[in-house]
Each structure stands twice: as C-alpha cells, then as structure tokens.
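In what follows, a structure is listed as structure tokens, so that the remarks can point back to it.
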Amino acid sequence: MIHVHKKECDSTQDLAASLTADSNESLLVSCEKQVKGAGQRGRKWISADQSLAPSFNARPAEIYTLTSLEMAVLAKKFIWERFKKEVLFKWPNDLYTKERKKCGGILIQGQTDRLIIGIGLNLFLRTKTAPEELKDKIAGILDHKTDIDIKESSFQFYSFVADNRLPANLIKCLWLQSCVHLNRKVKILEGGKSIEGVFMGLGNNGQCLLKTSKGLSEFYSASLIIDP
Ligand code: BTN
C-alpha cells in the first residue's frame, strides 16, 4: 500500500484519482490541511481547523450502493474507538454530532470494482473560523483541540476500514440504529423537486423509503432535510 501524506493539498480526492488513474496499487492520500475539498453534488467541503481528510481506493460493498452507508458505520466505530465520541447519521452520507450538527461527510467516486472513497472528519472546529451561513449547522467531533498525528490517524482509519468490511445486512441494520431522522418528517430534494414525508428506513440497496400522502416512495440519490 502506498501512503501519500501532504502538508497541504487542494483535495485528497482529486489527488487520489489522478494517482490511481493508471495503477491498481492500493493507495491512501492524506494531508495536514485540505484547502479545496470536494463535497457531494459539486459542493465544496470545508475542512475544520483540525480534521482528517483521507481518500483511498477500495472495493465497493457487497451491494455497491451500500458503500457510503458502510463507510459511515465504520467511521462511527473508528471515532468511538479512537476518540470515545459518538456520531450519528443523516441519509445519504453525512455524519452528525449528538447535538445534530454536521461533523463529517463521505464522497464516493468511480463505478468500478475499485472506488475512490473520501471521508472528511472535522475533529475540532473553532466556530469563529466557520462561514457565517454554516455556523449553526456544523461542529467538530471533539470539544478541544488535541494533539493528533494526522498522518498516523489517517492511516489508522484506512486500516480500520480495510480490516472491518461489513456484510450488507449488518450495514443497513447498524446504519439505521444511529440514523438521526428515522420515523421523522423530512424533505427530499431531487431533480428540482421537493417532496415531504416521513423517513421510514432503507431499502435493500440503501435507498431512502419515504412515506408521503401518496404512499411509499423510494429515492436513490437525493438531498434530505430534517424537520422541514
Ligand atoms: C459531503 O458531505 O459533501 C462529502 C464531503 C467529503 C469530503 C472528503 S475530505 C476527503 C476527500 N477529499 C475531498 O476533497 N473530499 C473528500
């Protein structure tokens, strides 16, 4: 396995994509400071003052579309073992603190048997440094800045994922146990449409099951807003 660790990097995801373009070698890219992080749906990802932002190549979950949920479950286990902090999930790929603030996100790219998986884990965030419009919505996992070896922790996370891949039935079950909006009112934004309903759980492929006034609908790729 090749581990590339940079002091500063635009996006570990972009770097991992370019480094794996012509190779099948296992690769982990991490950095001390990521300055142009890529988020879901072309959004930016802002790394906190202290954060992990590893990107690596790995095989998809047994059911390909469960990969992001699997990474969330593994990130939760890792964060508990390493930092003794609990994180929760918002569909499809967000990590939340117990206070319901976003502290992490997952980005999966590629459609082959070797995906590029990027995880942003905001460990410590000084609210002062956060963009005004996000101040109330985001948080760090830790209460205080701690002495953390980012290179070593990124490698530990990578190894944890590699050693603990999960079967499909367990992914769904563990993910739902920590979902912040199970049986709650949500709004789904998909292709310019907005649909309100109650989040009823996950289908076999990880899709969102939404109970609306018209019955049960399924969404595979969308944004979700809690308590609209
Ligand atoms: C999201 O919530 O929109 C997903 C954010 C994913 C961010 C991670 S940080 C590591 C990797 N490098 C990037 O540029 N993006 C992903």
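The values are calculated or read from the model by the stated rules, or taken from the named source; none is laboratory data. What you are looking at is a predicted structure, and each value in this text was computed from that prediction instead of being measured. A quick note on method: Cβ atoms are made from the backbone with ideal geometry, for glycine too, and the neighbour counts reach across all protein chains shown. Quick note on the areas: whole protein, heavy atoms, side chains included, nothing else; ligands and nucleic acids left out. Shrake-Rupley method; radii C 1.70, N 1.55, O 1.52, S 1.80 Å.
The figures follow:
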| quantity | calculated |
| --- | --- |
| Positive-end residue of L66, Q50, L202, charge dipole of the chain with Cβ unit charges | L202 |
| Computed over region 109-228, Kirkwood Rh from alpha-carbon pairs, angstrom | 17.5 |
| With all protein chains modelled, accessible area of M1 [1.4 Å, Å²] | 90 |
| All lysines inside 19 Å of K90 as judged from Cα atoms, apart from same-chain residues fewer than 8 positions distant | K44, K76, K77, K98, K101, K102, K135, K137, K172, K185, K187, K211 |
| Listed residues I117, I63 arranged by accessible area, highest first, probe 1.4 Å | I63, I117 |
| Cysteines having no other Cys beta carbon under 4.7 Å from their own, within the chain | C103, C173, C179, C208 |
| Candidate aspartates and glutamates for bridging to K128, where Cα separation is under 15 Å - those fewer than 8 sequence places away on the same chain excluded | D49, D136, D143 |
| For the chain, average projected area of the Cα convex hull in nm² | 12.2 |
| In nm, spacing of pseudo-spin labels at N205 and A162 (7 Å Cα→C-beta vector) | 3.1 |
| 9 Å beta-carbon shell around Y96, net charge (K/R +1, D/E -1) | +3 |
| Estimated FRET transfer efficiency when R0 is 41 angstrom, pair D10-T212 (beta carbons, to 0.05) | 0.50 |
